[in-house]
Amino acid sequence: MTKPWAGRFAQATTTSVEAFTESISYDSRLYAYDIQGSIAHAGMLGEVGLMTKAEVRKVISGLKSVKKDFENGKIELDQSFEDIHMFVEHLLTEKIGSLGKKLHTARSRNDQVATDVRLWMKDVARGLEDDLLKLQKSLLQKAKEYETWIMPSFTHLQHAQPTGVAHYLLAFIEKFARDISRLQDCVKRMDEMPLGSCALTGTILPIDRSITCKALGFKRPTRNSLDTVSDRDFLIEFAASLSLIATHISNFCEDMVIWCSAEYNYISIDDGYCTGSSIMPQKKNPDVHELLRGKTARVHGALYSLLTLMKGLPQAYNRDMQEDKERIFDSFDTVSASVNILTEVVKHTHFNKQRLEDSCRKGFMEATALAEYLVLNGVYFRDAHHIVGTIVKLAEDQNCALVDLELSAMRNISDAIKDDVYNVLTCENILGMIKSFGGTGKASIKNNLKYWSRKL
Ligand code: ARG
C-alpha cells in the first residue's frame, strides 16, 4: 500500500522495516479509544466549519461501522499500516471513500496516540479500582470470620508480639486502599485532553479544543503542545501505582507461602487453588502464590523500562515512545489478573486456629507486655527491658514459657513484679489489654472491622 507520507519518498518501505517499526500488533487493542477520539475530532471539525455537517455525519457513521467490524472480529490486521491510527483511517476511507482523508485535518498521530492512551488508562484504572475493592471485600470477609483469633506477629521473621488474624488481614485492606487512592490520584492529574496539539506546535487551522475536550470527557485541554506530545508521565505514574499493588500482593503471598508449609501450618489452601508435583506424589504446592510473587518482577520491570525509555529523549515526540505500550499493557494485564485471582484465592484460604494458638505459646511474645507492666509499676522502660531480658533467659534455661515461671523466681529478678503479673503473660489477655488507637487490641480490631464494613 502507498504510505500516507509517500510524497517525499523515492522508494517504498522495505518489508523488514515495516515488520520492525509496526505497532499495530499490540496497539490494535486501542481501536475503540482511537475511534472515540476520531468521532470527537470529526464533530469538532464540523463545528468550526472545517467539514460540512453532512461530511461529519458520513465520517461518524463510517467510524461507527468500523468499530462494529472490530467488535465482530471482521477485521484482519495489516502491519503495512503500521499502527492502529493509520489503519482505522484506512478502514474508514475504504468504507466512505476519499472523504476519509479529511479526518486527519489538524491532527497528528502524536496527539492522537497521546489521546488514545489517556482514554485507555482512565478506563482501565477505574476497572482496576473496582477489582481492588472486591479484593478488599474478600479480605474483610475473612477478617470478620476470624475476628477473635490470635496469631503471632513477626519482625525479621522472628516471633514478635501477639496479634489478631483480623488485624493482619485488615493491614492489607489498608495497603490496597492506598493503592486505590493512588490510582485515583494519577488519573486526576492526567485528566487533560491532548488533541489539537497536532504534531507538536498546534495548527493555523481554526480548531476549538474545548469541543473535543468536552466530547471526550476530559477536564480541560492540555496547556502546552510541546509538553503534550512528549509527556508520558501519566504512564510512569500508572506503572508506579501498579508496581506498588504488585508489591503488596507479593508481600501477602510471601506470608501465605511460608504459612502453608508443614513447619508453620498456619493456613491451608483449598486443593483447587494449589498444584502438584510431577514427581513427588505427596506435594501440594502454593504455585498461585509463588507466581503472584514472581509476576511482580515484570511489573517492576515495566516501570524501569518506562523511566529509562523517557529519560534520554530530546524535545517532543520521538519514535522511541512507541515502546511505552507493550510495557504498560503487560504491567496492567498482569496486575489486573493478579488482583482477580488473589480475590478468589483469599476466599479459599483457611487459617488454622489451633496451630496459631499453639504457636503463640512459643517465642516469649508476652515479653514486651511484661516490660510495659513493669513501667506501670514505676520501673523506667530501659531498666524494664533489661529485667525482662533476664526473665526470658531464665525461662529459656528452664525450657518453659514465661507464664510457667514461679512468681518468686521472677520477684528475685525484680520486686516490682506482683502476683497480678500473670495477667500479662498470656497472649489472649494482652490482646484484651492493648488500648492504643490502631493497635492490635480487641476494641481496635472491632472498630476497624466496623469502619471497613461501612466503607466497602
Ligand atoms: N505508533 C506510534 C506510537 O505508538 C505513534 C505514531 C507516531 N509516529 C510518528 N512517526 N510520528 O507512538
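Yes/no per residue for (1) more than 16 Å from the ligand (Cβ to nearest atom); (2) basic (Lys, Arg):
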| position | (1), (2) |
| --- | --- |
| Ile24 | no, no |
| Gly46 | yes, no |
| Leu50 | yes, no |
| Lys58 | yes, yes |
| Ile75 | yes, no |
| Asp78 | no, no |
| Asp83 | no, no |
| Ile96 | yes, no |
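Report the residue count in the stretch 217-230 for those that are within 14 Å of Asp111 (Cα to Cα) and either surrounded by fewer than 19 Cβ atoms within 10 Å (Cβ to Cβ) or within 16 Å of the ligand (Cβ to nearest atom) (or both). Spell out how you get there, then give the answer.
First pass over the stretch 217-230, keeping only residues within 14 Å of Asp111 (Cα to Cα): 221-230.
In the following step, the residues that additionally are either surrounded by fewer than 19 Cβ atoms within 10 Å (Cβ to Cβ) or within 16 Å of the ligand (Cβ to nearest atom) (or both) were identified as 223-230.
Count: 8.
Residues that are surrounded by 14 or more Cβ atoms within 10 Å (Cβ to Cβ) and among the aliphatic types (A, V, I, L, M): list the helices (runs of 4 or more DSSP H) wholly contained in the stretch 353-425 that include at least 2 such residues.
Values: elements: 353-360, 367-376, 381-397, 407-413.
In the stretch 353-425, 367-376, 381-397, 407-413 are the helices (runs of 4 or more DSSP H) which contain 2 or more residues that are surrounded by 14 or more Cβ atoms within 10 Å (Cβ to Cβ) and among the aliphatic types (A, V, I, L, M).
Just to be sure, is Tyr273 in contact with a Phe, Trp or Tyr (Cβ under 6 Å, 6 or more places away or on another chain) and surrounded by 15 or more Cβ atoms within 10 Å (Cβ to Cβ)? Show your work before the answer.
On the way: in contact with a Phe, Trp or Tyr (Cβ under 6 Å, 6 or more places away or on another chain): no; surrounded by 15 or more Cβ atoms within 10 Å (Cβ to Cβ): yes.
Answer is no for this residue.
Would you point out the residue of the stretch 70-108, among those that are of a type in the set (D, E, K, R) and outside any helix (DSSP H, G or I), that is surrounded by the most Cβ atoms within 10 Å (Cβ to Cβ)?
Of all residues in the stretch 70-108, those of a type in the set (D, E, K, R) come to 71, 74, 76, 78, 82-83, 89, 94-95, 101-102, 107.
This time we only want the ones that are outside any helix (DSSP H, G or I), so: 74, 76, 78, 82-83, 107.
Values: Lys74: 9, Glu76: 5, Asp78: 15, Glu82: 20, Asp83: 24, Arg107: 27.
So, considering only residues that are of a type in the set (D, E, K, R) and outside any helix (DSSP H, G or I), the one surrounded by the most Cβ atoms within 10 Å (Cβ to Cβ) is Arg107.
Would you tally the residues in the stretch 276-311 being more than 22 Å from Thr247 (Cβ to Cβ) and at pLDDT below 95?
Residues in the stretch 276-311 being more than 22 Å from Thr247 (Cβ to Cβ) and at pLDDT below 95: 10 in total.
Answer yes or no as to whether Ser98 is among the hydroxyl-bearing types (Ser, Thr, Tyr) and in contact with a strand residue (DSSP E or B) (Cβ under 6 Å, 6 or more places away or on another chain). It would help to see each step written out before you state the result.
Values: among the hydroxyl-bearing types (Ser, Thr, Tyr): yes; in contact with a strand residue (DSSP E or B) (Cβ under 6 Å, 6 or more places away or on another chain): no.
In short, no.
May I ask you to list pairs of residues, at least six apart or on different chains, whose Cβ atoms are under 9 Å apart, with the first in the stretch 110-133 being over 16 Å from His41 (Cα atoms) and the second being outside any helix (DSSP H, G or I) and aliphatic (A, V, I, L, M)?
Partner pairs satisfying both residue conditions: Met121/Met190; Lys122/Met190; Leu133/Leu456.
Looking only at the stretch 226-271, how many residues end up being at pLDDT 95 or above and part of a helix (DSSP H, G or I)?
Total meeting the criteria: 32.
For the stretch 284-294, indicate whether the set of residues that are surrounded by 20 or more Cβ atoms within 10 Å (Cβ to Cβ), among the charged types (D, E, K, R), under 20 Å from the mean Cα position of the chain (by Cα) and away from the ligand (no atom under 12 Å from the Cβ) is non-empty. Steps first, please.
The initial filter retains those residues of the stretch 284-294 that are surrounded by 20 or more Cβ atoms within 10 Å (Cβ to Cβ), namely 286, 288-289, 292-293.
Of the ones still in play, those that are also among the charged types (D, E, K, R) are 293.
Going one step further and asking which of them are under 20 Å from the mean Cα position of the chain (by Cα), we end up with 293.
Still in the list and also away from the ligand (no atom under 12 Å from the Cβ): 293.
Yes, the stretch 284-294 contains a residue that is surrounded by 20 or more Cβ atoms within 10 Å (Cβ to Cβ), among the charged types (D, E, K, R), under 20 Å from the mean Cα position of the chain (by Cα) and away from the ligand (no atom under 12 Å from the Cβ).
Being within 16 Å of the ligand (Cβ to nearest atom) and under 14 Å from the mean Cα position of the chain (by Cα) is the filter here; which residues of the stretch 110-165 pass it?
At the first step, the residues of the stretch 110-165 found to be within 16 Å of the ligand (Cβ to nearest atom) are 110-121.
Met121 - this is the single residue of the stretch 110-165 that is within 16 Å of the ligand (Cβ to nearest atom) and under 14 Å from the mean Cα position of the chain (by Cα).
Of the residues that make up the stretch 89-110, is at least one within 30 Å of Ile204 (Cβ to Cβ), in contact with a Cys (Cβ under 6 Å, 6 or more places away or on another chain) and of a type in the set (S, T, N, Q)?
There is at least one residue in the stretch 89-110 that is within 30 Å of Ile204 (Cβ to Cβ), in contact with a Cys (Cβ under 6 Å, 6 or more places away or on another chain) and of a type in the set (S, T, N, Q).
Taking Ser25 as the residue in question, decide whether it is out of contact with any Pro (no Cβ under 6 Å at 6 or more places or on another chain), modelled with pLDDT of 95 or more, surrounded by fewer than 19 Cβ atoms within 10 Å (Cβ to Cβ) and within 14 Å of Asp83 (Cα to Cα).
Details: out of contact with any Pro (no Cβ under 6 Å at 6 or more places or on another chain): yes; modelled with pLDDT of 95 or more: yes; surrounded by fewer than 19 Cβ atoms within 10 Å (Cβ to Cβ): yes; within 14 Å of Asp83 (Cα to Cα): yes.
Answer is yes for this residue.
Could you tell me whether Thr334 is polar (S, T, N, Q), surrounded by 13 or more Cβ atoms within 10 Å (Cβ to Cβ), more than 16 Å from the ligand (Cβ to nearest atom) and within 16 Å of Met121 (Cβ to Cβ)?
On the way: polar (S, T, N, Q): yes; surrounded by 13 or more Cβ atoms within 10 Å (Cβ to Cβ): yes; more than 16 Å from the ligand (Cβ to nearest atom): yes; within 16 Å of Met121 (Cβ to Cβ): yes.
So Thr334 passes the test.
Return only the number of the condition from (1) assigned to a helix (DSSP H, G or I); (2) crowded, with 18+ Cβ neighbours inside 10 Å that Lys214 does not satisfy.
(2)
Kindly list the number of the only condition in (1) within 33 Å of the chain's Cα centre (by Cα); (2) buried (at least 21 other Cβ atoms within 10 Å of the Cβ); (3) not hydroxyl-bearing (Ser, Thr, Tyr) that fails for Met51.
Of (1) within 33 Å of the chain's Cα centre (by Cα); (2) buried (at least 21 other Cβ atoms within 10 Å of the Cβ); (3) not hydroxyl-bearing (Ser, Thr, Tyr), only one is false for Met51: (1).
Of all residues being hydrophobic (A, V, I, L, M, F, W, C) and more than 31 Å from the chain's Cα centre (by Cα) in the stretch 33-48, which is farthest from Ser108 (Cα to Cα)? Just the residue, please.
Of the residues in the stretch 33-48, the ones hydrophobic (A, V, I, L, M, F, W, C) are 35, 39-40, 42, 44-45, 48.
After this cut, where a residue has to be more than 31 Å from the chain's Cα centre (by Cα) as well, the list is 39, 42, 44-45, 48.
Values: Ile39: 15, Ala42: 14, Met44: 15, Leu45: 14, Val48: 18 Å.
Checking each candidate, the answer is Val48.
Would you check which residues across the stretch 438-452 are surrounded by 13 or more Cβ atoms within 10 Å (Cβ to Cβ) and part of a loop (DSSP other than H, G, I, E, B) and list them?
Gly439, Thr440, Gly441
The values are calculated or read from the model by the stated rules, or taken from the named source; none is laboratory data. These figures come from a predicted structure and were not determined experimentally. Glycine also receives a Cβ, built like all others from the backbone with ideal geometry; neighbour counts cover every protein chain displayed.
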